[in-house]
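First comes the structure, then the notes that go with it.
Derivation of every value follows stated rules applied to the coordinates shown; laboratory data play no part. Everything quoted here is computed from the prediction, not taken from an experiment. Heads up, the Cβs are rebuilt from the backbone with ideal geometry, glycines too, and the neighbour counts pull from every protein chain shown.
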Amino acid sequence: MKHTDIKIVFETADLIGKEVTVCGWVRTSRDSKNVAFIELNDGTTLKHLQIVIDKALDLEYAEALHLGTSIKVTGEVVEARQGSVEINAKEITVIGKCPPEYPLQKKRHTLEFLRTMPHLRGRTNTFNAVQRVRSVMAAAIHNFFQENNFVYVNTPLITGSDCEGAGEMFQVTTIGYTKDYENEEDYYNDDFFGKKAGLSVSGQLEGEVAAMAMGKIYTFGPSFRAENSNTPKHLAEFWHVEPEVAFAELPEIIELAEKMIKTVIGEVLEKCPNEMKFFDAHFENGIIARLEELISNDFGTVTYTEAIELLKNSGENFQYPVEWGCDLQTEHERYISEKIFKKAVFVTDYPKEIKSFYMKQNPDGKTVAAVDLLVPGVGEIIGGSEREADYDKLVEAMKTREMNLDLYTDYLDLRRYGSVPHGGFGLGFERLIMYVTGVANIRDVILYPRTVGSIR
Ligand code: 4AD
């Protein structure tokens, strides 16, 4: 169907006075005595294109006034108010009719209501804007790494080893419910891979394998977590950006994370001005100014031990008590970034007991070279570390956690054959989108959210 994107119609001054054909879905319509108006959107831009129908022309337009109808319009591009353009219709064709039970009749629907129809909510301004920002951010992430000599690798989604060791893997099996097996071992022997398999919670372990050959790599794909966390920031399937760098220690990993976040946000501000104005007006007043401030200042840095002291001395009555050794909860993370630092802040050197087995053990014997990035409004968006590069120390940490070393032979080999200091981090892509758009629930920044108790 030959037609022009509505975005191009708005952006190309040369089209004024010329005839174009546009396609789209009817967002609103108005019928008056001599003219009818249609606001048309084709998804290429947030702005709707006004179609003006002169009734003297006797066009067949009655069906085209119904919300949700898909139409094709040919007409002349003319100047409109406020430097915009509209189309004087010469020909209107209904492509797909839309009956009155089409659910998006109102101008504004709640996000909760829209969550019940993931297949239609993309046709609202909010989801239109979110998806476009998401797409620009994804491209910006790829560009950032490509321009900095990182190799994009695709790590396996089905895996035999639990990276985070937190037991949050979805199981992959082709057998399913049966009473045919007396024990787990017999079951898994008979299963597709001949052993227990699951969906990967992180591509890090294989990312390390790739970094030990290519030097600097990144992954950008889905991770899966069977966490029983019904919160506004947890998905069972989320998109994960995981760079891994050889010959790097923790400070370089922190520097990389800050540079990446600033580059991606800078690009969104530059390439999505209309979408960002929309979020500023409807989701978080002042968000553009805050993001601009974020990218022009250094992020904060604090050790876990210092952060605990700051929280304890804050006088704040937290739901979860604060003691050295406790895991930071969202309320603590947000307090640190929103109230204490008032900006994005890296928290480093966590107690080894609350972090994963692979993190480099610090000389104090108590902490590991971990880093989380906390941002106002969301909390943690990045988790990373320098990795333990010493074979003996790694084995010891795994044994302390009673891990099955046989499942990690490849990983351990990396420490036997030319081991080097290295590290990386994982960015939760949806959490960054939440931060950038001000959309408060992670279910609203992904096309089809998968959460505990809910799949469609
Ligand atoms: O802190 P996490 O668990 O770290 C890892 O997975 C490391 N292997 C990453 C690495 O070093 N390569 O997860 C990293 C990030 C979190 O900071 C968070 O932003 C996101 O992944 N994340 C989730 N996002 C949405 N829903 C969930 N259930 C998430 N779990 C983690």
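Other residues within the sphere of radius under 13 Å centred on the Cβ of E184, judged by their own Cβ, net out at -4 (K and R +1, D and E -1).
Compared with the alpha-carbon gap, the fully stretched path from I354 to K393 is longer by 12.3 nm at 0.36 nm per residue.
Relative contact order for the chain using alpha-carbon pairs under 8 Å, separation at least 6, rounded to a whole percent?
Rounded, it is 13 percent for the chain.
Mind pulling up the Rg/Rh value for the chain? Radius of gyration and Kirkwood radius, both on Cα. Reported Rg/Rh (Cα atoms, Kirkwood Rh): 1.05.
Would you tally the net charge around W324, using a Cβ to Cβ cut-off of less than 15 Å, leaving W324 out, and scoring K and R as +1, D and E as -1? Result for the neighbourhood of W324: -3. Using the Cβ-Cβ distance between E76 and K277 with R0 set to 25 Å, the FRET efficiency works out to roughly 0.30. Relative protection proxy for 211-218, 308-315, from highest mean packing down: 211-218, 308-315 (other beta-carbon atoms within 10 angstrom). Estimated purely from DSSP H runs of n ≥ 4, each contributing -39500 (n - 2.57), the mean residue ellipticity at 222 nm for the chain is -9000 deg cm²/dmol once divided by its residues. Computed from the C-beta positions of R108 and I16, the FRET efficiency with R₀ = 41 Å rounds to 0.80.
Treat the count of other C-beta atoms within 10 Å as a stand-in for reagent exposure and order R81, R290 from fewest to most.
The fewest-first ordering by Cβ neighbours comes to R81, R290.
For E91 and F37, a Förster radius of 22 Å and the Cβ-Cβ distance give a FRET efficiency of 0.85, rounded to the nearest 0.05. For the range 184-211, the residues whose amide N sits under 18 Å from a probe point set 7 Å from the Cα of T409 along the beta carbon direction are 189, 193-197, 206, 209. A protection proxy built from the mean count of other Cβ atoms within 10 Å ranks the segments 49-57, 408-416, most packed first, as 49-57, 408-416. If both residues of a DSSP beta bridge must be in the range 238-374, then about 65% of such bridges are antiparallel.
Packing order of peptides 128-135, 91-98, highest average first: 128-135, 91-98 (average count of other Cβ atoms within 10 Å over each peptide's residues). Is any residue of the range 11-28 close enough, with backbone N under 19 Å, to a label point placed 7 angstrom from the Cα of A139 along the Cα-Cβ axis, and if so, which? So the set is 11-12.
Converting phi to 3J(HN,Hα) with the Karplus coefficients 6.51, -1.76 and 1.60 and the offset θ = phi - 60°, the range 207-215 yields x, 5, 4, 5, 5, 6, 10, 9, x Hz in sequence order, with x at every glycine or proline.
If the Kirkwood radius is taken over C-alpha pairs of the range 193-304, then at 4 °C and 1.567 mPa s the Stokes-Einstein diffusion coefficient equals 75 µm²/s.
Taking other residues whose beta carbon is less than 14 angstrom from the beta carbon of N297, and scoring Lys, Arg as +1 and Asp, Glu as -1, yields +1. Taking the number of Cβ atoms within 10 Å of each Cβ as an exposure proxy, the fewest-first ranking of R456, R225 is R456, R225. Taking every DSSP bridge with both residues inside the range 31-108, close to 85 percent are antiparallel. Please go through the residue pairs K343/K393; K233/K342; K196/K360; K47/K259; K233/K399 and name each one whose alpha carbons sit more than 25 Å apart in this structure. In this structure, K343/K393; K196/K360; K47/K259; K233/K399 exceed 25 Å between Cα atoms. DSSP beta bridges confined to the chain are antiparallel in about 90 percent of cases.
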